[in-house]
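The structure under discussion appears below in the form of structure tokens.
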Amino acid sequence: MTLALFLSLAAAQPMATAPAAPTAADFRARLPEDEVIYFLLPDRFDNGDTRNDRGGLKGGPLETGFDPTRKGFYHGGDLKGLVRRLDYLQGMGVTAIWFAPIFKNKPVQGGKGQESAGYHGYWVTDFTRVDPHFGENGDFKTFVDAAHARGMKVYMDIITNHTADVIKFAECEAANACPYRSIADYPYQRRGGVGGKAINPGFLGETVRTAENFARLTDPNYAYTLNTDARERNVKVPAWLNDPLLYHNRGDSTFTGESSTQGDFVGLDDLMTENPRVVQGMIEVYGSWIDRFGIDGFRIDTARHVNPEFWQQFAPAMLARAKARGIPNFHIFGEVANDDFSPGFLAKHTVEDKLPAVLDFAFKQAALRSLASGQPTEIWREFLNQDVLYAGGKATARQLPTFLGNHDQGRFAYYVREGNKNASPEELLERVKLGHVLMFTWRGVPTVYYGDEQGFVGDGGDQDSRETMFPSKTAVYLDNKLLGTTRTNAVANFETGHPLYRLIAELAKIRTGSEALRRGDSRLLAAEDKAGLLAFSRSAPSEEVIVAVNTSAQPITRNVAIAADISGLASLSGPCPAAPVAPGTVRITLPAFGHVICRAAR
Ligand SMILES: [Ca+2]
Ligand SMILES: [Ca+2]
Ligand SMILES: [Ca+2]
């Protein structure tokens, strides 16, 4: 539409004015769904201080954990680096920063020859302080205050399921693999199996979650014989975490059945989260971070591996703690890792665990099916239909962080390339761009994975998707071919001119300025039994926005049914048709992988 036509339409049919974009001063008033989240690993974002690269430790990589030539070790990023890039993030429209766990980790773990480092943050030994590789608690305060001064929120990544791997079992130490030993085969009241010596008389098991019952659990050697290195027996902080009775001690999870919540996550010591001592301890640990720093939310790691009753107590306690600290819109979202398209599985954890929100793995899956594998756009209809499954229904669905890829499962661009091996670099970029258009217009909270805005692709999941934004020295990162640029991972990549950075900045601006896109109800307008059109509407009291995308490599023209009283469409992005072709019908023409975001006028 031309500007003149838009103005004439606007003059003839004045639109309600969308509320002004929130400012720095009132960031606490914003709802979770108002945010644009950016997820990063502090170790891989920017290195603002090389003096802390070894975390104050002496020795080689196996002592300090620092080795930028190996993907599984610390590369040097830290809080000072993050602070000096706040302009970069704000320029992209980011309003909330979620970073991988900041807590002090066991620097290196793993059997001989299989060692890797805690650069990712998920192997915590001290839950009360920042890992020295990232800085001091004072650096954390500087970061949080600097973010808040800009009106940006800070979401911490927290873990209550496990600590670092400190507890060792005599029976399997040499093999470095400890198979899960079930309650049926290794009951609490016998040592080493049903025929063993009687221990723990009267202990009724972990399902009787009272202090009285857990007081009868006095010997942790029911499944395995504990054989922890004497030098590590007091390494955990707070000190209560050093009590081996507060762990399940049954060996490695197979991620099925009982072991899903009671097994060790690849050796990490699995906390007895049924014990009220652990519940209370974790409420204190994380409540203290809210009290001390006034942070704005938690992403909860491995949420599905903790018993629901733990979350039923922990989540409301954190919300109350935040409220008392003057943080009314504290956001809590759990990681319920899932590779299928199964909103029901995700929703279960909002219903049963009563988690306020979960990461929207279903969004990632729908985006991959549409843009990496070219499957029918009908999946998006099915997607919206299942929003009612969440506790709180559609209102909860609007608060789920949506994402295209992450540090565990890999980058969106990687899967788009894998699924379209003969596509040109231009087409791959168009597909990745359209994924971001969907993420910023679909219900939920758009969550950008660091580096995606610089065209990072990676080589797969986990360590292969954790490149540094600063110059890399890691061979498997250096040979990567990025999207939308001729640059490589050998140089720093904070380019505000990268086409994906620019697109995200534009989308963030549109979304932040639109009540409908942030908070609106969703209605599916059109989907197809093949790749092609997906159209949907977002409507809030002040406005309605209509979004249409073309997931196919061919141009399309389709008639789409909209509300009959819509008289015109003003473009927020893309070539919106100026007016309906008939009352209630708009004709949408889109190039391959094109999109329109249109504000309706009535
Ligand atoms: Ca550093
Ligand atoms: Ca567990
Ligand atoms: Ca590579």
Being of a type in the set (Lys, Arg) and not in a helix (DSSP H, G or I) is the filter; apply it to segment 215-237 and report the residue that is surrounded by the most Cβ atoms within 10 Å (Cβ to Cβ). LYS236
Is segment 552-561 home to any residue that is outside the structural domain of ALA366 (by TED's automatic domain parsing), of a type in the set (S, T, N, Q) and touching a Leu at 6+ places or on another chain (Cβ under 7 Å)? no
Within the group GLU274, GLU212, GLU284, which residue is within 30 Å of PRO32 (Cα to Cα) and in a helix (DSSP H, G or I)? GLU284
Give the residues of segment 402-436 that are touching a residue at least 12 places away in the same chain (Cβ under 8 Å), of a type in the set (S, T, N, Q) and part of a loop (DSSP other than H, G, I, E, B), sorted by residue number. GLN409, ASN420
Starting from residues that are over 26 Å from the mean Cα position of the chain (by Cα), within 15 Å of ligand 3 (Cβ to nearest atom) and in a loop (DSSP other than H, G, I, E, B), keep the ones in segment 471-486 and report whichever is farthest from GLU427 (Cα to Cα). LYS473
Which one is nearest to ligand 1 (Cβ to nearest atom), of the residues in segment 67-85 that are under 15 Å from GLY121 (Cα atoms) and of a type in the set (Gly, Ala, Ser)? GLY76
Does segment 136-144 contain any residue that is surrounded by fewer than 19 Cβ atoms within 10 Å (Cβ to Cβ), within 16 Å of ligand 1 (Cβ to nearest atom), in the same structural domain as MET282 (by TED's automatic domain parsing) and among the charged types (D, E, K, R)? yes
When you go through (1) more than 16 Å from ligand 3 (Cβ to nearest atom); (2) hydrophobic (A, V, I, L, M, F, W, C); (3) in the same structural domain as GLN365 (by TED's automatic domain parsing); (4) more than 19 Å from the chain's Cα centre (by Cα) one by one for TRP442, which number turns out not to apply? (4)
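Just to be sure before I move on: is GLN399 surrounded by fewer than 22 Cβ atoms within 10 Å (Cβ to Cβ) and in contact (Cβ under 8 Å) with a residue 40 or more places away in the chain in the structure I sent?
For GLN399, the condition - surrounded by fewer than 22 Cβ atoms within 10 Å (Cβ to Cβ) and in contact (Cβ under 8 Å) with a residue 40 or more places away in the chain - is not met.
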Pairs, please: C-beta under 8 Å, at least 6 apart or cross-chain, first residue without any contact (Cβ under 8 Å) to a residue 60 or more places away in the chain and in segment 134-162, second of a type in the set (Lys, Arg) and crowded, with 17+ Cβ neighbours inside 10 Å? none
With segment 43-145 as the region, which helices (runs of 4 or more DSSP H) entirely inside it contain at least 2 residues that are over 23 Å from the mean Cα position of the chain (by Cα)? 61-64
Just the residues that are farther than 21 Å from PHE440 by Cα and not in a strand (DSSP E or B), please, taken from segment 578-602. ALA578, ALA579, PRO580, VAL581, PRO583, GLY584, ARG602
Quick one: what pairs do we get from segment 201-226, first residue at positive phi, second surrounded by 14 or more Cβ atoms within 10 Å (Cβ to Cβ) and among the basic types (Lys, Arg), C-beta under 6 Å, 6+ apart or different chains? GLY202/ARG216
Restricted to segment 238-271 and to residues being part of a loop (DSSP other than H, G, I, E, B) and surrounded by fewer than 18 Cβ atoms within 10 Å (Cβ to Cβ), the residue farthest from ligand 2 (Cβ to nearest atom) is PRO238
Determine whether ASN406 is at pLDDT 95 or above, in the same structural domain as GLY93 (by TED's automatic domain parsing) and within 26 Å of GLU115 (Cα to Cα). yes
Single residue of segment 56-80 satisfying the filter (surrounded by fewer than 22 Cβ atoms within 10 Å (Cβ to Cβ) and of a type in the set (Gly, Ala, Ser)) that is farthest from ligand 3 (Cβ to nearest atom): GLY56
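Okay, residues lined up against (1) within 16 Å of ligand 1 (Cβ to nearest atom); (2) modelled with pLDDT of 95 or more; (3) over 16 Å from MET152 (Cβ atoms):
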residue: ALA18; (1), (2), (3): no, no, yes
residue: ALA21; (1), (2), (3): no, no, no
residue: ALA25; (1), (2), (3): no, no, no
residue: ALA29; (1), (2), (3): no, yes, no
residue: GLU35; (1), (2), (3): no, yes, no
residue: ASP43; (1), (2), (3): yes, yes, yes
residue: ASP49; (1), (2), (3): yes, yes, yes
residue: ASN52; (1), (2), (3): yes, yes, yes
residue: GLY65; (1), (2), (3): yes, yes, yes
In segment 568-602, how many are surrounded by 15 or more Cβ atoms within 10 Å (Cβ to Cβ) and hydroxyl-bearing (Ser, Thr, Tyr)? 2
The condition from (1) farther than 21 Å from GLU427 by Cβ; (2) part of a strand (DSSP E or B) that THR468 misses is numbered (2)
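The values are calculated or read from the model by the stated rules, or taken from the named source; none is laboratory data. Quantities reported herein were computed from a predicted structural model and do not represent experimental measurements. Cβ: placed from backbone, ideal geometry, glycine included. Neighbour counts: every protein chain shown.
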